[in-house]
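In what follows, a single structure is set out as structure tokens and then discussed.
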Amino acid sequence: MSRESLRDQSVERLLKESFRTSARTSQPGSCLDAETLAAWIDGSLAGGPLTAASEHLADCVDCQATLAAFARTASPEVAPEAWWRRGLSARWLVPMAATATVIAIWVAVPREDTRQPEQTSAAVEQVATPQTKSTGEPAARADRPSPGGADERLPEQPAPELRREAAAKEAAPVHENEERRDNASLAAGNAAPAPQADAPDSTLTERARFGTTVGGVIPGPTRIEIVSPDASIRWRTGPSGVVEYSEDAGATWEATPTGVGTDLLAGASPSGTVCWVVGRAGIVLLTTDGRRWQRLTFPLAVDLTAIQATDARTAAVTAMDGRRFTTVDGGTTWK
Amino acid sequence: MPSPPIDDALVTRLYKRADGDAWRLPLSVFADALEAGADRVFGSEGASAGDLERHLASLHLEDLALACACALGDEAAWEHFVREHRPKLYRAADALDPSGGARDLADSLYADLYGFPDQQGKRKSLFRYFHGRSSLSTWLRAVLAQRHVDRLRTARRLEPLPDEEALSSQPEAADASDPDRPRFLTLIKRALGLAVARLDSRDRLRLGCYYGQEWTLAQTGRLLGEHEATASRNLARTRKALRMDVERELRTADGLDDAQVARCFEVVTEDARFMDLADVLAADERARDAPPDRSIRKRKTS
């Protein structure tokens, strides 16, 4: 082992010891009030208040513990899993996909004006999605330590004092595996110098152009950037209902209140003033002036993972389960 | 310099955006809530008209109107709040303690939100602390999280210190073989403290979450909007920067030579208090797996 890595190891041991000790001896002081903490989490702070809150959070173990507890509350907006998806496994997906393909061909070949019941079109949509679902979903879930954790931005693990309480309740093997994974990646970080290019982060920001859709089948911590036809006008979404607006191609961002606290998963902008955003639990938001968001009524509390829009009245959204809904009257009715 | 007053036209515009009419919220109450929120953010320093307008535009106005109406006791608003937010509050409480132990926190929070009459008979609701700077949902979860942590902290104060803590609080034992050891340890700990203090807040928060709160890399990364691998690389970069800063500090401020600097790092690796539990367990395992020492057995039997 080189001298540097031995010294790095010493630094790591000292860090562990000093941070754990400070966690024990820290006195509660002028901690962030709940609203400032919530605004920091929502990404609503800017300028001086943001700097002050970040500085405080960096050093205050009490507020960090509150953040940890907050993270554990991050599952309120998860829609219950549809009954028909429970127990759905690959052995059913293959024949279902094959059957749906046959139906799709049978439907598509004769004539366009043949009226199809809605369930058939839902089945047709599923043809395109089962592979994505079957490969992507478990991978995304494997990254999550607790099955109920829906808020992707924040951790589900408790702070040390909370951990002790939770230790008996949480599945130890999962935690151990994750720690091992951490150690492995930490070792990798030690072994190789940090590259300048931040490759994995590039996957965190997806971009949508114009009326096309962004967001994946699997909701995640993805920050989505939605680019309007006028490339200087953009929106970006984050967890917990955060949407920011930029008029200078992303150089500066302005928070726009959405009134929802749900993770937003996809968006589409057909013009410089119109933007649609969808998210968990049937959230559909629409702005027609770029800044003010209107929450539209959606018939189901399902996670919406993709959207295509042609203007402020016409849009098609895709649900987590592959179903597709369209509106031609600005979200008043959905088919 | 106090903040400029919020002009009536702007208040009316914001009120419309907030849909205050839906709860029959008096405009004056809404205006007061906006003023109170601005005062809280800008304090006595005040704000320019531009800053004030930006602040107001960034508020979660619909949530603010709902909170104001609930605080006033509007029945429709309260019903809406109960329907929309109470289940979330309970789910959040159950997530904090799946055995249901945090439900009483949610109940007491709910009661505080409803409010109790003060000495003048005026109802005081917890909603008065909500100014729309975050979504109502996030604020409720943050309040619940704070109360949960406060309760745990209170409970911990009543518990005796575990052995591990008692051990680490003991004074460092003098080592006869190396009388400089305590001094080197003090110097390197001080140098590291200074180096950490010089880091920017984001790096400190990352260290605090990872080492202090013992979050995983994935969790730490999620908080900071970083990929797990990026969080790992950033931690490695920070540790390297800290190591170089500590070396510099020991040389320049404390006047140590190369050998003494090296010794400072060595005493850390030699000190049992800094041993990683994983290392200790691995060492134990190795010792268990090792073949028995026959020389001892022979001595015992002889």
Strands (runs of 3 or more DSSP E) completely within region A:178-283 that count 1 or more residues being modelled with pLDDT under 50 and within 14 Å of another protein chain (Cβ to nearest Cβ): A:205-209
Options B:Arg153, B:Arg147: the member that is modelled with pLDDT under 90, in a helix (DSSP H, G or I) and at negative phi: B:Arg153
Pick from region B:111-126, criterion open to solvent by less than 10 Å² (accessible area, probe 1.4 Å) and modelled with pLDDT of 90 or more, ranking: farthest from B:His80 (Cα to Cα): B:Ser125
Complete set of residues in region B:64-111 that are away from every other protein chain (no Cβ under 11 Å) and under 23 Å from the mean Cα position of the chain (by Cα): B:Arg103, B:Asp104, B:Ser108
Selection from region B:249-284 of residues that are charged (D, E, K, R), within 31 Å of the chain's Cα centre (by Cα) and at pLDDT 55 or above: B:Glu249, B:Asp271, B:Arg273
Residue tally, condition within 7 Å of another protein chain (Cβ to nearest Cβ), hydrophobic (A, V, I, L, M, F, W, C) and closer than 13 Å to A:Leu67 by Cα, over region B:205-236: 4
Tabulated pairs, region B:240-253, first closer than 16 Å to B:Thr186 by Cα and small (Gly, Ala, Ser), second surrounded by 15 or more Cβ atoms within 10 Å (Cβ to Cβ) and at pLDDT 90 or above, C-beta under 8 angstrom, 6+ apart or interchain: B:Ala253/B:Ala191
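Only one of B:Tyr90, B:Tyr114, B:Tyr110 is among the aromatic types (Phe, Trp, Tyr) and out of contact with any Leu (no Cβ under 9 Å at 6 or more places or on another chain). Can you tell me which?
Of the residues listed, the single one that is among the aromatic types (Phe, Trp, Tyr) and out of contact with any Leu (no Cβ under 9 Å at 6 or more places or on another chain) is B:Tyr90.
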Within region B:25-57, tally of residues that are touching a Ser or Thr at 6+ places or on another chain (Cβ under 6 Å), in a loop (DSSP other than H, G, I, E, B) and within 12 Å of chain A (Cβ to nearest Cβ): 1
The one condition in (1) at the interface with chain A (Cβ under 9 Å from one of its Cβ atoms); (2) open to solvent by less than 20 Å² (accessible area, probe 1.4 Å) that B:Leu256 fails to fulfil: (1)
Residues satisfying the stated conditions in region A:245-264, i.e. open to solvent by 10 Å² or more (accessible area, probe 1.4 Å), closer than 19 Å to B:His85 by Cβ and touching an Asp or Glu at 6+ places or on another chain (Cβ under 6 Å): A:Gly259
Extreme residue, nearest to A:Val242 (Cα to Cα), among residues of region B:11-22 that are outside any loop (DSSP other than H, G, I, E, B) and open to solvent by 40 Å² or more (accessible area, probe 1.4 Å): B:Arg17
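The values are calculated or read from the model by the stated rules, or taken from the named source; none is laboratory data. This is a predicted model, so every value here is computed, not measured. Neighbour counts are summed over all protein chains in view; Cβ atoms, including those assigned to glycine, are modelled from backbone coordinates with ideal geometry. Remember, those area values only see protein heavy atoms, side chains included, never the ligands or the DNA or RNA. Shrake-Rupley method; radii C 1.70, N 1.55, O 1.52, S 1.80 Å.
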